[in-house]
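What follows is one structure encoded as structure tokens, with my remarks underneath.
The values are calculated or read from the model by the stated rules, or taken from the named source; none is laboratory data. Everything quoted here is computed from the prediction, not taken from an experiment. Note that each Cβ is placed from the backbone with ideal geometry, even for glycine, and that neighbours are counted across all protein chains shown. Protein only, heavy atoms only, side chains kept; ligands, DNA and RNA dropped before computing areas. Shrake-Rupley method; radii C 1.70, N 1.55, O 1.52, S 1.80 Å.
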Amino acid sequence: MPDDRPESGRARFVEALQVRKHALRGFGVGIAVTALVYLFFVVLPGTGGAGLWYLGLGASLALSLGGLLTAVLVALQARRLTREL
């Protein structure tokens, strides 16, 4: 069933800033960096059973780094769009 309602201004704004694309990139890089940090500082040194506790810290790092990268990428996109005006 097609939606006959016009797209809202907020939806067009999010689309213009390409928030979805930048969020995928930001959180992808955040997860990759977290995996590398976990590998180099937990797995390779062999912390034993304590490695499970570091998963919580890794999740915190992945979420915060992903959010930060997403915000930076969206801000750069907004700057590009304002220069076009």
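Key figures for this structure:
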{"item": "Contacts under 9 angstrom Cβ, first residue in the range 21-41 being free of Cβ contacts under 8 Å to residues at least 40 places away in the same chain and within 10 Å of Gly67 (Cα to Cα), partner of a type outside the set (D, E, K, R) and surrounded by fewer than 16 Cβ atoms within 10 Å (Cβ to Cβ), 6 or more apart", "result": "Gly30/Leu63; Gly30/Ser64; Gly30/Gly67; Gly30/Leu68"}
{"item": "Top-ranked residue of the range 14-53 - restricted to ones that are open to solvent by 90 Å² or more (accessible area, probe 1.4 Å) and at pLDDT 90 or above, ranked as farthest from Glu84 (Cα to Cα)", "result": "Leu36"}
{"item": "Residues (open to solvent by 60 Å² or more (accessible area, probe 1.4 Å) and either assigned to a loop (DSSP other than H, G, I, E, B) or farther than 30 Å from Leu17 by Cβ (or both)) located in the range 54-85", "result": "Tyr54, Leu55, Leu57, Leu85"}
{"item": "Number of the condition not met by Asp3 [criteria: (1) at pLDDT 85 or above; (2) loosely packed, with under 10 Cβ neighbours inside 10 Å]", "result": "(1)"}
